[in-house]
Amino acid sequence: MKVTIVGAGNVGATCADAIAHRRIASEIVLVDIKEGFAEGKALDIMQTQTTLGFNTRVIGSTNDYSKTAGSDVVVITSGIPRKPGMTREELIGINAGIVKGVAENLLAHSPNAIIVVVSNPMDTMTYLTLKATGLPKNRIIGMGGALDSSRFKTYLSQALDKPANDIQGMVIGGHGDTTMIPLTRLASINGVPVSQFLSEEELAKVSADTMVGGATLTALLGTSAWYAPGASVAFLVDSILNDQHKMIPCSVMLDGEYGQSDICMGVPCIIGKNGIEQIVKVDLNDQEKALFAKSSDAVRSMNDALNTVLN
C-alpha cells in the first residue's frame, strides 16, 4: 500500500510519521515545493526505523510527482496555515489555487487514488477538489470531522475525568469555529449517556471548547495544530487501506442527505477501501437540524467566495 502526502510541514510530516509508526502503509511519499524539505523530513523519519521497529519506506520529493505514481491514497495538506486572527474564509483565495493544482498533478500519476483533503477551509477545499477533478464523491474525503470528534472526546474526557478511549462522540457540520456541531445528546461513555454524569452547563462548555478547539491551539502555538490533525489523517487512511469500515465523521458531498445538496459537509460515514462506503443517517432532533441548516448556510457562503475567486 502506497500513500502520498503533499505538504511536508507540521501536519504532513506528523501524518507521515504516524502512518509509518503504525505500519499502515508500506511506502510513503512526501512532496513539498521547498527544495530539500520533504527529502529531509523523510530521511529523519526513516532514521527512527531501528529504534521504533517499523519497515515503512519513506521518501521525499521536491515537486516531482512522478515519484507518487501508483498511490492508493493521496493526502493534501498543502497551503498556508491559519495565522492568529485569520479565519478559514480568508484562506480561500490562496489555498484554492494550490489545492486545485496539487489534485491535478496527483491524479495524473495515480488516477485511481482516493483523495483526503486537509487544507483549509476544509469543506470548501473538499468541494473544490470534487468539482475540479470530476471524481465520484466516494473518492474525495474531507478529514475535519475526525479531528473535531477527537477534540470533542478529549474535552468530554477532561470534564468526566474518565479515559478518552472509553468515550464515544462525534461532531458533524462544517469544520469551522462557528459551524461545527458537537452532538452532546448522543455522546456516551461505554454506552451510558454522558448526560448522566454532566450537567447541561458542563455539556455546553464542552461543546463551546470543542468549537474553538482549533482557534485555541492557534492562539497558543502561533500556527495551526499538527499532532492531532496528523493522527486523525492516519486514523482515516488506516480505515481506507485496511478496509476497516470504521464510522468516521467526514466532509463528503451531500445529495439530499440531511436535507442538503451540492455541498460538502461533515456527517458520519463508513470508511473502507472505496473511500466513502456509506453515509450514515443520524436522527437529529429539531435543534440539531436547525444547527445543521445554519452550518450549511455558512459553508455555502464560503463556497460562494470560492466561486468568486475562481471566476
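The values are calculated or read from the model by the stated rules, or taken from the named source; none is laboratory data. Predicted model only: the values in this text are computed from it and were never measured. Because the Cβ atoms are built from the backbone with ideal geometry, glycine has one as well, and the counts that use them run over all protein chains shown. Keep in mind that these areas ignore ligands, DNA and RNA; they rest on the heavy atoms of the full protein, side chains included. Shrake-Rupley method; radii C 1.70, N 1.55, O 1.52, S 1.80 Å.
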Cα-centre dipole for the chain with unit charges at Cβ (Lys and Arg positive, Asp and Glu negative), debye to 20:
460
Surface share of carbon and sulfur [accessible, 1.4 angstrom probe, percent] for region 1-101:
55
With every protein chain kept in place and ligands, DNA and RNA left out, what is the accessible area per residue of region 116-259? Probe 1.4 Å, answer in Å².
39
Per-residue [θ]222 nm for the chain (sum of -39500 (n - 2.57) over DSSP H runs n ≥ 4, rounded to 500):
-14000 deg cm²/dmol
Give me the percent of the accessible area of region 165-311 that comes from carbon and sulfur atoms, probe 1.4 Å, all protein chains in place.
52
What angle, in degrees between 0 and 90 and rounded to the nearest 10, separates the Cα long axis of helix 37-46 from the longest principal axis of the Cα atoms of the chain?
80
Which loop-located trypsin sites (Lys or Arg not before Pro) does region 211-306 contain, where loop means any DSSP state but H, G, I, E or B and the Cβ has at most 15 other Cβ atoms within 10 Å?
Lys273, Lys281
Please give the helix 200-211 orientation as an angle from the longest Cα principal axis of the chain, in degrees from 0 to 90, rounded to the nearest 10.
20
What does the charge count around Ser195 come to, taking other residues whose C-beta lies under 13 Å from its C-beta (Lys +1, Arg +1, Asp -1, Glu -1)?
-2
At a probe radius of 1.4 Å, what is the per-residue accessible area of Arg57, in Å² to the nearest 10?
120
Rounded to the nearest 5, the percent of DSSP beta bridges in the chain running antiparallel is 50
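Multiply the residue separation of Asp44 and Leu220 by 0.36 nm, subtract the distance between their alpha-carbon atoms, and state the gained length in nm to one decimal.
60.7 nm
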Compare the peptides 28-38, 112-122 by average per-residue count of other Cβ atoms within 10 angstrom and give them in order, highest first.
112-122, 28-38
Answer with a single label: of (1) 1.54; (2) 1.00; (3) 0.95, which was calculated as Cα Rg over 2.2 N^0.38 Å from the structure in view?
(3)
Point-to-point label distance, Ala298-Asn165, nm (Cα→Cβ direction, 7 Å offset)
3.3
